[in-house]
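What follows is a set of notes on a single structure, which appears directly below.
The values are calculated or read from the model by the stated rules, or taken from the named source; none is laboratory data. Model, not experiment: these values are computed from the prediction. Quick reminder, even Gly has a Cβ in these numbers, built from the backbone with ideal geometry, and neighbours come from all protein chains shown. Heads up: the accessible areas ignore ligands, DNA and RNA and are worked out on the full protein's heavy atoms, side chains in. Shrake-Rupley method; radii C 1.70, N 1.55, O 1.52, S 1.80 Å.
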Amino acid sequence: MTYLLALDQGTSSSRSIVFDARGQVVASAQQELPQIYPQPGWVEHDPLLIWSTQLATAREVLAKAGLAARDIRAIGITNQRETTVLWNRKTGQPVHHAIVWQDRRSEPLCADLRAQGKAEFVRERTGLLIDAYFSATKLRWLLDNVPGARAQAEAGELAFGTVDSWLVWQLTGGRVHATDVSNAARTMLFDVHRNTWDDELLALLDIPAALLPEVRPSSALFGEADAALLGHAMPIAGIAGDQQAALFGQACFTPGLAKNTYGTGCFMLMNTGSSFLHSRNGLITTSAAQTDASPEYALEGGVFVGGAVVQWLRDGLRAIESSGEVQALAQSVPDAGGVMVVPAFTGLGAPYWQPDARGTITGLSRGSTLAHIARASLESIAYQSAALLEAMSRDAVAAGAPPLAELRVDGGAAVNDMLMQFQADLLGIPVLRPAVTETTALGAAYLAGLATGVFAGRDELAGLWRVERRFLPTLSRAQAAERMQAWEHAVRQATAA
């Protein structure tokens, strides 16, 4: 048998999964990653913990699978995107905690750029909106606020990377400083038309080019993991940001196919092929995972707080002791009893883009219970995702394409049957859950397998995709529209000045 090792470094955990050549999970290992909240709106990770937990799970999963490193054909990496790491090239030590994609501290700089009238320039080059979500302003904050960082950066002593670059650096003992197009496209420094770092954007943000990693296709040889780490040298042959990796793992290779990943946040992507579509509905255009030098694109909408609302129920409200209890608590009541939860803990993402929004609970009555709040919290994931799909369908139709006919789903919360059924009810289209829901890691494994000859091409990968369950809508469109109107009313309350 041939095996592939996927390193899946996410926001709330580091995971490693071994897949066989049929795309089936052989074994997996996971460690939770601590979140650091220095002040409201700020979110950080310890880069050394990112690395140590990822390495520990890689070792653990090989042991669980009963495999040696020499049995692994290649490593694929997928990662939380936009999270920004800055480290010393000589020592390999980070100069500061990683600034996580959810972090809002650089919003004042974004507001200044918007006030300068730079929004259209940035959008045309990168496909992105100017927002603190992306890496560029996080990196600028580090250069401006870490003592000595700017001088060191200008002297070529520091390296910047998203989490994939940090892992590649560690895996190769500092020999390789590289990223792939899908991660580079999330920095707000990358020209997605030419697949290259953009000098004008670097000048606009006052970021030295010497900091930047080399950019390669998502399916390519990035280097070799040191033999001392896992017992045998292995090629690193695939990298993609988590959402583009999930689109690839879901075999959404044809323009018009879309997926939604229910993780810490929720991210919906629709393949648009070689067409760079401008959204008129609050979505962004991003580079998809690429197997060669030819640009490929996707429309994307991101929900900042998806599955993280379950963590809030567990750790904040202490309504549950473990995340697995949420479905039973939510199903202990027939509906949310008029309660709406808008989990705008770090602002609202697409299609609203309201950075100052804050979480709200509306519709409370004397009869409201924790169960109603738990159900409304789960339903908030589906409401936010439905708003994204409506926006995506409007963009598709405006571009001359048919509206979306189905949605492929994955991620941790996709195993929740109640949530998936409610999602289908709101959308009015089938929601398809695949047999392998670990599609983020699977996409990374597929990219690595393509680069090393395990798979012949995308047609073979498409043939491996299987549906485990199809959720069909049961609500009338009038009922669904009524519920979405109630949701939009709750959003307006969360965004009221």
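Observations
- So I320, is it touching a residue at least 12 places away in the same chain (Cβ under 8 Å), within 21 Å of L419 (Cα to Cα) and in contact with a strand residue (DSSP E or B) (Cβ under 6 Å, 6 or more places away or on another chain): no
- Restricting region 224-282 to residues that are more than 23 Å from I381 (Cα to Cα) and aromatic (F, W, Y), the residue that is nearest to the chain's Cα centre (by Cα): F253
- Apart from one condition, D164 fits all of (1) part of a helix (DSSP H, G or I); (2) at pLDDT below 95; (3) within 17 Å of the chain's Cα centre (by Cα); the exception is (2).
- Members of region 354-394 that are assigned to a helix (DSSP H, G or I) and farther than 20 Å from G324 by Cβ: Y383, Q384, S385, A386, A387, L388, L389, E390, A391, M392, S393, R394
- Residues being touching a strand residue (DSSP E or B) at 6+ places or on another chain (Cβ under 7 Å) and either aromatic (F, W, Y) or assigned to a loop (DSSP other than H, G, I, E, B) (or both) - total across region 60-69: 1
- Residue in region 325-342 that is out of contact with any strand residue (DSSP E or B) (no Cβ under 8 Å at 6 or more places or on another chain), of a type in the set (D, E), part of a loop (DSSP other than H, G, I, E, B) and open to solvent by 30 Å² or more (accessible area, probe 1.4 Å) present: yes
- Looking only at region 162-195, residues that are acidic (D, E) and within 18 Å of V100 (Cβ to Cβ) come to 1 in all.
- The lone criterion from (1) more than 18 Å from A227 (Cβ to Cβ); (2) modelled with pLDDT of 95 or more left unmet by P38 is number (2).
- Any hit, region 7-20, residues being surrounded by 16 or more Cβ atoms within 10 Å (Cβ to Cβ), under 22 Å from A153 (Cα atoms) and not polar (S, T, N, Q): no
- Subset of region 343-361 that is of a type in the set (S, T, N, Q) and surrounded by fewer than 19 Cβ atoms within 10 Å (Cβ to Cβ) - its residue that is modelled with the lowest pLDDT: Q354
- Considering (1) open to solvent by 10 Å² or more (accessible area, probe 1.4 Å); (2) in contact (Cβ under 8 Å) with a residue 60 or more places away in the chain; (3) in contact with a His (Cβ under 7 Å, 6 or more places away or on another chain), the lone condition that T2 does not fulfil carries the number (3).
- Test for A289: is it under 16 Å from the mean Cα position of the chain (by Cα), of a type in the set (G, A, S) and part of a loop (DSSP other than H, G, I, E, B): yes
- Hits in region 97-109 - residues which are closer than 19 Å to D206 by Cα and either acidic (D, E) or free of Cβ contacts under 8 Å to residues at least 40 places away in the same chain (or both): S106, E107, P108, L109
- Unique residue being of a type in the set (G, A, S), in contact with a Phe, Trp or Tyr (Cβ under 9 Å, 6 or more places away or on another chain), in contact (Cβ under 8 Å) with a residue 60 or more places away in the chain and crowded, with 16+ Cβ neighbours inside 10 Å when the list is A220, A225, A159: A159
- Those strands (runs of 3 or more DSSP E) lying entirely in region 400-497 with at least 2 residues under 20 Å from F19 (Cα atoms), open to solvent by less than 50 Å² (accessible area, probe 1.4 Å) and not small (G, A, S): 407-410, 431-434
Conditions tested, residue by residue: (1) of a type in the set (F, W, Y); (2) modelled with pLDDT of 90 or more.
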residue	(1), (2)
A246	no, yes
G249	no, yes
T254	no, no
Y262	yes, no
G265	no, no
L269	no, yes
F276	yes, no
S279	no, no
I284	no, no
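- Any pair with Cβ under 8 angstrom, 6 or more apart, that starts in region 193-215 at a residue that is at negative phi and ends at one that is crowded, with 18+ Cβ neighbours inside 10 Å and polar (S, T, N, Q): D198/T126; L201/T126; L205/T137; P213/S165; P213/T179; E214/T179; V215/T179; V215/N195
- Residue that is most open to solvent (accessible area, probe 1.4 Å), among those in region 32-59 that are in contact with a strand residue (DSSP E or B) (Cβ under 7 Å, 6 or more places away or on another chain) and closer than 12 Å to L7 by Cα: A56
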